[in-house]
Amino acid sequence: MNLRDLHYLVALAEHRHFGRAAEASFVSQPTLSTQIKKLEDELGVALVERTPRKVLLTETGREIARRARGVLSEIEEIKAIAQRTRDPESGTLRLGIFPTLGPYLLPHLVPQVRKHFPRLELLLVEEKTEQVIRMLREGSLDVGILALPLHEESLHTEFLFEEPFVLAVPEDHPLAHKQKRLKLDDLEDESLLLLEDGHCMRDQALEVCQLAGAGERSGFRATSLETLRQMVAANVGITLLPTLAIKPPVARTDNVHLLEFAGHPPSRRIALVWRKSSSMGTFLQRFAQVIRDLPADLLQPGIIDAKPARQPAR
């Protein structure tokens with residue numbers, strides 16, 4: 001048994017198809033199939049059920065694949081320890097981030113990462129929170145940027161910043177003419193457009209609705225913040241947006257009026273997250289500080305009395 005064979009088995013467990021697993025492993029399908037058969041012969045057990053349309057792992061195969069992921073993750077940790085010892089700021093960092101933050105934070109973060117760690121190769125993965133946590137746990141990601149709270153004992157969380165929400169309404173909505181900052185009570189009996197299940201921001205928005213006595217607009221759930229923004233522009237309803245999603249380089253949207261909340265506004269708390277067993281902890285503390293050092297005004301809506309500019313025609 002060798003590490004290569006474990007890689008093949010893990011790829012087969014993930015793709016459940018010999019052709020796709022071979023492609024992901026950069027070998028031919030016959031090569032992968034032959035090595036899996038040799039592994040079965042060596043262990044003396046069946047690992048795979050071969051069916052005409054797909055591949056299913058046996059119960060034993062699934063358990064061995066699960067443990068193989070752990071072995072391969074430990075090997076990557078060993079390599080990372082050696083690499084970080086030689087040069088702490090070089091190598092590859094695999095970072096996962098969720099979709100309602102990634103497109104809005106990364107344009108500000110990536111230039112700073114390049115400035116502070118010019119030899120670092122940053123690989124970005126955008127997935128929903130649950131998937132990022134799974135990938136961290138399995139070792140296919142080194143670090144994640146996620147919203148708190150998290151309930152995962154194996155992960156270390158390093159608080160980064162608190163991001164306020166603003167309210168987006170159509171220009172002819174009664175709240176658009178409000179002269180003062182919003183109070184949560186102003187949302188009482190309103191129905192908000194929300195994201196679909198699986199987005200952590202849906203849960204955060206539902207908490208705001210509960211506190212304000214507001215509800216969810218029935219019959220519609222968006223797949224992205226940009227869909228929500230365009231639904232507001234189309235006079236369908238109102239929604240919450242995180243502050244980074246209204247900052248340049250994001251363009252203002254015609255017929256969308258933005259409103260700040262008074263006092264301590266509803267917000268989300270963002271953290272850098274990595275495995276407690278990771279060898280990269282010291283470096284990731286420095287990485288976290290680069291994020292904390294981003295300009296403070298990125299997290300300040302600064303939209304009082306501001307009117308959205310019309311986008312240029314395309």
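The values are calculated or read from the model by the stated rules, or taken from the named source; none is laboratory data. Just so it is clear, the model here is predicted, and its values are computed rather than measured. Don't worry about glycine lacking a Cβ; one is built from the backbone with ideal geometry, like all the others, and counts go over all protein chains shown. Surface areas here come from the heavy atoms of the whole protein model, side chains and all, with no ligands, DNA or RNA. Shrake-Rupley method; radii C 1.70, N 1.55, O 1.52, S 1.80 Å.
Quick look at the values:
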{"item": "Prolate/oblate/rounded label for the stretch 78-165 (Cα gyration tensor, a/c 1.5)", "result": "oblate"}
{"item": "Efficiency of FRET between E207 and R16 - r from beta-carbon atoms, R0 45 angstrom, step 0.05", "result": "0.75"}
{"item": "Calculated from backbone phi, Karplus (6.51, -1.76, 1.60) coupling profile of the stretch 286-294 in Hz, x at Gly/Pro", "result": "5, 4, 4, 5, 4, 5, 4, 7, 4"}
{"item": "For the chain, share of DSSP beta bridges that run antiparallel, in % to the nearest 5", "result": "60"}
{"item": "Two-site FRET efficiency, T31 against V290, from Cβ-Cβ distance with R₀ of 51 Å, rounded to 0.05", "result": "0.75"}
{"item": "Sparse-neighbour loop sites [GluC sites (Glu not before Pro); the stretch 193-239; at most 16 other C-beta within 10 Å; DSSP]", "result": "E196"}
{"item": "Across K128/K178; K115/K276; K54/K128, pairs whose alpha-carbon gap is larger than 32 Å", "result": "K128/K178"}
{"item": "Global form of the stretch 163-314, assessed from the alpha-carbon gyration tensor, a/c cut-off 1.5", "result": "prolate"}
{"item": "Projected label distance in nm at E42 and V110, using a 7 Å step from Cα toward the beta-carbon", "result": "4.0"}
{"item": "Contour excess over end-to-end distance, with Cα ends at V71 and E196 and 0.36 nm allotted per residue", "result": "41.4 nm"}
{"item": "Trypsin sites (Lys or Arg not before Pro) lying in DSSP loop within the stretch 139-229, provided at most 16 other Cβ fall within 10 Å", "result": "K178, K180, R181, K183"}
{"item": "Set of lysines near K180 by C-alpha distance (under 19 Å), chain-local residues within fewer than 8 positions excluded", "result": "K307"}
{"item": "Nearest 10 degrees, 0 to 90: helix 3-15 Cα axis against the chain principal axis", "result": "50"}
{"item": "Using alpha-carbon coordinates, inclination of helix 29-43 to the longest axis of the chain, degrees", "result": "60"}
{"item": "Accessible solvent surface per residue of the chain, calculated while the other protein chains remain in place, 1.4 angstrom probe, Å²", "result": "52"}
{"item": "Helix-derived mean residue ellipticity, 222 nm - over the chain, DSSP H n ≥ 4, -39500 (n - 2.57), to 500", "result": "-12500 deg cm²/dmol"}
{"item": "Local net charge near L193, Cβ-Cβ under 12 Å (Lys/Arg +1, Asp/Glu -1)", "result": "+1"}
{"item": "Gyration tensor (alpha-carbon) shape descriptor, the stretch 223-312, a/c threshold 1.5", "result": "prolate"}
{"item": "All aspartates and glutamates inside 18 Å of K247 as judged from Cα atoms, apart from same-chain residues fewer than 8 positions distant", "result": "E162, E163, E226, E260, D293, D297, D305"}
{"item": "Alpha carbon Rg of the stretch 12-111, scaled by the compact-globule rule 2.2 N^0.38 Å", "result": "1.46"}
